[in-house]
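Since every read-out is calculated from the coordinates, none of them should be taken as a lab result. The model shown is predicted, which means the values in this text are computed figures rather than measured ones. Ideal geometry is used to build each Cβ from the backbone, glycine not excepted, and the neighbour counts take in all protein chains shown.
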Amino acid sequence: MSTVAGKVVVITGASSGIGEASAVALAQHGARLMLGARRSDRLREICTRIGASDGITAWRACDVVARQQVEDLVQTAVDTYGRVDVIINNAGLMPVSPLRNLHVEEWDRMVDVNIKGTLYGIAATLNRFLEQGSGHIINLSSISGHWVWPNYAVYSATKWAVRAISEGLRQELDERVRVTVISPGIVKTELTEHITDPEVIAGLGSRFDYSLEAGDIANAILWAMEQPPHVDVSEILVRATGQAR
């Protein structure tokens, strides 16, 4: 039996992509799930599908830019299952664009979702984990949190921030709470649908031909969670074999 079995896992951004794939994979290994995202219809459908395979899951609508909604998501998990063992701060946006085109509102949204959303997830769970003597915080960064490309400056900045927050938190904590940051390469998800800049859209070309599947990242999350309590997988970088960097 997987060591994930019975763990209560909160996942943000769970209505599609890596969040959805992680929910399916973890449910198959016996985790009890609380799924959060803005799209209630998608969460309801995912929970129904997982439940049809005897998975244990519940959901609550949650926009991670609102701290109280993240707090409520975690509290609902506690109310439903009695505790929380893991939070996967997965919610993210990637409306990349050249800085000169001044998509300032999109910059603001990326900062709010990618950075503040991660911090709010940490804030909602950290003291609970310390009080119960165990817990695991898993944050989703990106390959863009390691390298910067033209048009990706703000997105990269948010994902560098997620890595910095994760590493700083890891160093502050003792063995009671594990911290893992996962940096996916190019993955087939809805992230490219957030792009509104015509210049960037025109230049996407075949870049995503060598993409990973969302399930590949879900497998990395599962592996990090399955390690024994004294092992903290601090950072994982996952790329498709065809991706140069």
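Computed quantities for the displayed model
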quantity	calculated
Unique match (being closer than 20 Å to G36 by Cα and crowded, with 17+ Cβ neighbours inside 10 Å) among V162, V177, V200, V187	V162
Pairs, first without any contact (Cβ under 8 Å) to a residue 24 or more places away in the chain and under 21 Å from G203 (Cβ atoms) in the range 137-157, second surrounded by fewer than 18 Cβ atoms within 10 Å (Cβ to Cβ) and of a type outside the set (S, T, N, Q), C-beta under 8 Å, six or more apart	S156/W147; S156/V148; S156/W149
Any chance E193 is part of a helix (DSSP H, G or I) and under 21 Å from M225 (Cα atoms)	no
Members of the range 34-52 found to be in contact with a helix residue (DSSP H, G or I) (Cβ under 7 Å, 6 or more places away or on another chain) and more than 16 Å from Y81 (Cα to Cα), listed by number	A37, I46, I50
Listing of helices (runs of 4 or more DSSP H) fully contained in the range 56-161 that carry 2 or more residues being under 17 Å from T12 (Cα atoms) and touching an Asp or Glu at 6+ places or on another chain (Cβ under 8 Å)	117-132
Pairs with Cβ under 9 Å, 6+ apart, first in the range 89-114 and closer than 14 Å to T192 by Cα, second in a helix (DSSP H, G or I) and basic (K, R)	G92/K159; L93/R109; P95/R109
Pick from the range 1-30, criterion small (G, A, S) and without any contact (Cβ under 8 Å) to a residue 40 or more places away in the chain, ranking: surrounded by the fewest Cβ atoms within 10 Å (Cβ to Cβ)	A5
Residue within the range 167-188 that is assigned to a helix (DSSP H, G or I) and of a type in the set (S, T, Y) present	no
Answer residue from the range 134-159, given it is of a type in the set (S, T, Y) and more than 16 Å from the chain's Cα centre (by Cα) and is surrounded by the fewest Cβ atoms within 10 Å (Cβ to Cβ) among those	S134
Number of the condition not met by Y120 [criteria: (1) of a type in the set (F, W, Y); (2) closer than 24 Å to P228 by Cβ; (3) within 13 Å of the chain's Cα centre (by Cα)]	(2)
Condition met for I195 (within 16 Å of the chain's Cα centre (by Cα) and under 25 Å from C62 (Cβ atoms))	no
